[in-house]
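Let me begin by presenting the structure, written as structure tokens, before commenting on it.
The values are calculated or read from the model by the stated rules, or taken from the named source; none is laboratory data. Everything numeric here is computed off the predicted structure, so don't read it as measured data. Counting neighbours? That spans all protein chains shown, and the Cβs are built from the backbone with ideal geometry, glycine included.
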Amino acid sequence: MKRLLLFTSLLFVSLPFFLSSCKTGSSDSQKGTSRSTISGAGATFPYPYYNIVFRDFMRLNEGLTVNYGAMGSGGGIRSLRDRSVDFGASDAFLTDKELETMNGEVIHIATCLGGVVMAYTLEGVESLRLTGPLISDIFLGNVKKWNDPRITSINPGIPLPNLDITPVYRSDGSGTTFNFSEYLSVVSPEWNRVMGKGKALKWEAGIAAKGNPGVAGIVQQTEGAIGYIGSEYALTLNLKTAKLKNRAGRFIDATLESISAAANVDLPDDMRATITDSADPNAYPISLFTWILVYKDQQYGNRTKEEAMELLDLLLYMLSPPGQKVAAQINYAPLPKQGLEKNYRLLRGLHYGGEPLFDGLTEEKLENRTEDGADGG
Amino acid sequence: MKDKLFRFALFFAALIILLLSAGIIYSLVSRSLDTFNEYGVWGFISNAEWDPRKATEEYGALSFIIGTLYTAFFALLICIPFSLSVALFNGEYFKGTKVASAVSSVVDLLAGIPSIVYGLWGFYSVRPIVIALGVNAQGFGVFLSSIVLAIMIIPYASSLSTEFISMVPNNMKEGAYSLGATRLEVIRRISFPTASSGIVAAYILALGRALGETMAVTMLIGNTDRIPSGLRGTGNTMASVIANQFGEADGLKLSSLIAIGLILFIITAIINLIAKMVMKRLTKV
């Protein structure tokens, strides 16, 4: 009996060590010649896209591992500042002040676009038009009924019921809330004064739910509800969404094309651009970039030139046609041509202690990764 | 030797429990210090403002404390007639019969249903009824969460009450009957007074359960960060605000959420302590 006890306790104590030694053993043997890991951390919004594109990239590059920790944009920036990751990811670009606090010059590579859509549930209303100021008033509680004259006047012929509007917002801190409130701050002075912008706000009207799924669930199940949801989630679910009036005065449906079109404006060379309320006539107004941040000089810490080259290759792969196609497949809007060109120009500036990394690419790889756009840059 | 070993193992296990509880309290206190330093303990508890915007950041627990007490006490109120009648059914009228054991096992089954299932049931089945009753346009709020909470705590209140009602000595009841009392009079004059502290303890324990309930309430209360405007209003409880906002929180907000957790911990501890004291009084009598 005693021996059995001793044996089991020994087993339990030693099990973790045994398992962990197994793990390291097998991974060492798997890695073989190249042992590299590219690590990144940051935004949660592009996580599903990064997950798939990194997996594809790992399949193409045997033995290479890409780790991505979706800890939120702020965490990604902090990790890059500490140099504990190879790249950071953020839904908001760094301000000049934030750039100064980083451990060296940082460049922003936009990887794809997303939007925030207004999902609603109203029986018999298949198409709904809204404007930014109207959304602001709905979420401020100033417009309370669906048949308010301000809504009916821009929706002629649509049977809007005498029903309370239930605005639905995010109860957790979220980049979606940030983008939504940023757009409303731009188009509505009252919103800017009363609510402002942020990942979490102090709301005036409506009810809250956690995450995109929570908001979508309540909107879908509640007659008269309207909520804002990340486009990548709403487009997958095929929710009924409102057409929004853009700056050119047109009512635009949220689609991958209209979100991509928001980037068809003059972009700054460093790609640090806000494209909410874009001037493009086909643009969906609540659209945004998401970025990957890397140090321009890749020679820091214990980094080898090979590791820097692998990072460059990964970024080029994400911008390449297969990488962008994956984005579209899971409802992230691909980058338009001009954005790609500016990205490539920025990547050409990447260097390893003065040696431009682009020069190290083989002809074949360059051609594979940059079918269109790179040579223009 | 074997005996000694066994004693040692028991002692060790008990010690671990104590250490764990102490560790929980320590980590709650140490991580909420930022908030209490910023606002003071009373300042934090008495402030109804919850503003997570960076420019005007301000955190207070009052709206969640009120939301919690509001839903829990209203749930308790709704649950009393149901659980009391179940207790009388099982402990007095049909004591020891097959029907009683069937009813009590069904009621006990209610306690075993995971709270997310209650949440889903409330979301899909009870909410349309609440909307149809005209409580408010979207159904969410204090009213809906209290109804679902009430059903969740019925087994906690009724099973203990049943115990105490069936423990009322027969000779007391028989004495009353022999004096010509009706059954209702026996229940009112004999059973209830004798079992009263046990019944009260049962309801206090049920209240403690309602205070801490998280998942179902989070799905049903509407999650608005303000004092509920009334039964028709939406709000947030201490548990639900933590569940909602913990994920992305950092800095002072994180510290404030942990402080709310600490307050909830203390409130439920006090509630349980009161229940224990009430029950002790009963055993003395």
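To keep it simple, each residue is scored yes or no on (1) more than 14 Å from chain A (Cβ to nearest Cβ); (2) hydrophobic (A, V, I, L, M, F, W, C); (3) farther than 30 Å from B:Ala132 by Cα.
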| site | (1), (2), (3) |
| --- | --- |
| B:Thr182 | yes, no, yes |
| B:Gly208 | yes, no, yes |
| B:Thr234 | no, no, no |
| B:Phe246 | no, yes, yes |
| B:Ala259 | yes, yes, yes |
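Within the stretch B:94-112, track down each residue that is of a type in the set (Val, Ile, Thr) and within 15 Å of B:Ser83 (Cα to Cα).
Scanning the stretch B:94-112 gives B:Val103, B:Val106, B:Val107.
Per-residue answers, yes or no, for (1) hydrophobic (A, V, I, L, M, F, W, C); (2) in a strand (DSSP E or B); (3) modelled with pLDDT of 90 or more; (4) out of contact with any Asp or Glu (no Cβ under 6 Å at 6 or more places or on another chain):
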position	(1), (2), (3), (4)
A:Phe54	yes, no, yes, yes
A:Asn67	no, yes, yes, yes
A:Ser79	no, no, yes, yes
A:Val85	yes, no, yes, yes
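Report yes if some residue within the stretch B:254-265 is at pLDDT below 95 and within 17 Å of A:Lys210 (Cα to Cα); otherwise report no.
yes
With the checklist (1) part of a helix (DSSP H, G or I); (2) of a type in the set (S, T, N, Q); (3) within 12 Å of chain A (Cβ to nearest Cβ) in hand, flag the one item B:Thr224 doesn't pass.
(1)
Go through the stretch B:127-143 and give me each residue that's more than 11 Å from every other protein chain (Cβ to nearest Cβ) and in contact (Cβ under 8 Å) with a residue 24 or more places away in the chain.
Listed by number, the residues that qualify are B:Val135, B:Val142, B:Phe143.
Find the residue count for the stretch A:185-213, including only residues that are more than 19 Å from the chain's Cα centre (by Cα), more than 8 Å from every other protein chain (Cβ to nearest Cβ), outside any loop (DSSP other than H, G, I, E, B) and in contact (Cβ under 8 Å) with a residue 40 or more places away in the chain.
Looking only at that region, the number is 5.
Please state which of the following conditions B:Gly230 fails to meet, knowing it meets all the rest: (1) more than 14 Å from every other protein chain (Cβ to nearest Cβ); (2) part of a helix (DSSP H, G or I).
Status for B:Gly230: all satisfied but (2).
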